[in-house]
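Since every read-out is calculated from the coordinates, none of them should be taken as a lab result. Treat the numbers as computed from the prediction; the structure is a model and nothing was measured. Backbone-built Cβ (ideal geometry, glycine too); neighbour counts: all protein chains shown.
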Ligand code: BGC
């Protein structure tokens with residue numbers, strides 16, 4: 001057995017409303033309960049990192065995977081629409097790594113959800129419905145990083161996230177939100193011609209229409225489980 005086969009990964013999922021952690025074994029199986037704390041307000045780097053440090057304190061691990069709700073390019077945070085503008089250009093991996101004295105990798109949260117959900121065959125699209133509208137695209141298991149459908153125009157001069165994010169759900173109610181989601185999925189099917197669509201995120205619990213055969217709801221825990229792929233892919 002080589003050394004990386006014995007390493008334990010602390011998976012972190014930074015969301016707009018909660019920050020979650022769980023420890024994964026070398027095969028990516030959970031070996032701790034999921035812990036969650038509310039996302040601090042304001043959700044600036046210092047406050048969010050302090051929350052992660054609090055959650056990490058009671059866990060034993062060798063390396064860290066973080067899902068961040070924005071574009072992450074070459075280790076730097078490029079967007080953080082649902083957190084705070086102070087994140088822009090922030091080097092989360094390096095800063096968190098220094099504080100935890102452990103190697104840290106960071107990727108977009110929907111990309112990590114996707115790693116937890118996909119089969120690795122064909123064109124697979126992942127959409128996450130939470131505070132924001134996340135999206136991730138895979139071809140035969142290979143990720144196209146940072147697909148940002150959420151901020152693209154959808155309808156009525158609004159983006160997918162403006163029409164389908166949690167704020168819209170709370171404002172417009174479940175019926176309207178479901179009607180919009182059905183329209184959005186029809187759009188995405190014709191845009192990506194995917195083999196399989198996965199719907200993740202906490203708000204999937206509100207879906208009340210029958211999904212097409214090539215669409216499945218996947219558990220939100222994938223946002224943590226997928227973290228193993230940052231080390232094994
Ligand atoms: C962000 C995405 C993120 C999604 C879900 C969007 O607002 O732009 O990067 O994946 O929210 O958190």
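Fully extending the segment from residue 172 to residue 54, taken as 0.36 nm per residue of separation minus the present Cα-Cα distance, adds 38.9 nm. Note on the chain: GNM, Cα springs under 10 Å; of 79, 210, 128, the largest mean-square fluctuation is that of 210. Per-residue ellipticity at 222 nm for the chain, helices alone: DSSP H runs ≥ 4 residues times -39500 (n - 2.57), over residue total, nearest 500 deg cm²/dmol? Taking each H run of at least 4 residues, the total per residue is -8500 deg cm²/dmol. Out of every Cα-Cα pair that the chain contains, those further apart than 29 angstrom amount to 24 percent.
The simple Förster model, with R0 at 22 Å and r as the Cβ-Cβ distance, assigns residue 193 and residue 73 a FRET efficiency of 0.25. Helix 174-192 axis versus longest C-alpha principal axis of the chain: approximately 80°, rounded to the nearest ten.
As a rough guide to protection, the peptides 225-233, 33-41, 116-124, 11-19 ranked by mean Cβ packing within 10 Å, highest first, stand as 11-19, 225-233, 116-124, 33-41. Expressed in Å, the radius of gyration and Dmax of the Cα atoms of the stretch 72-161 are 14.6, 48. The angle between the Cα long axis of helix 45-57 and the main principal axis of the chain comes to about 60°, on a 0 to 90 degree scale.
Label zone (residue 182, point 7 Å along Cα-to-C-beta; backbone nitrogen cut-off 20 Å) within the stretch 130-159: 154-156. Of the peptides 182-195, 158-171, the order by per-residue mean of other Cβ atoms within 10 Å, starting with the highest, comes out as 158-171, 182-195.
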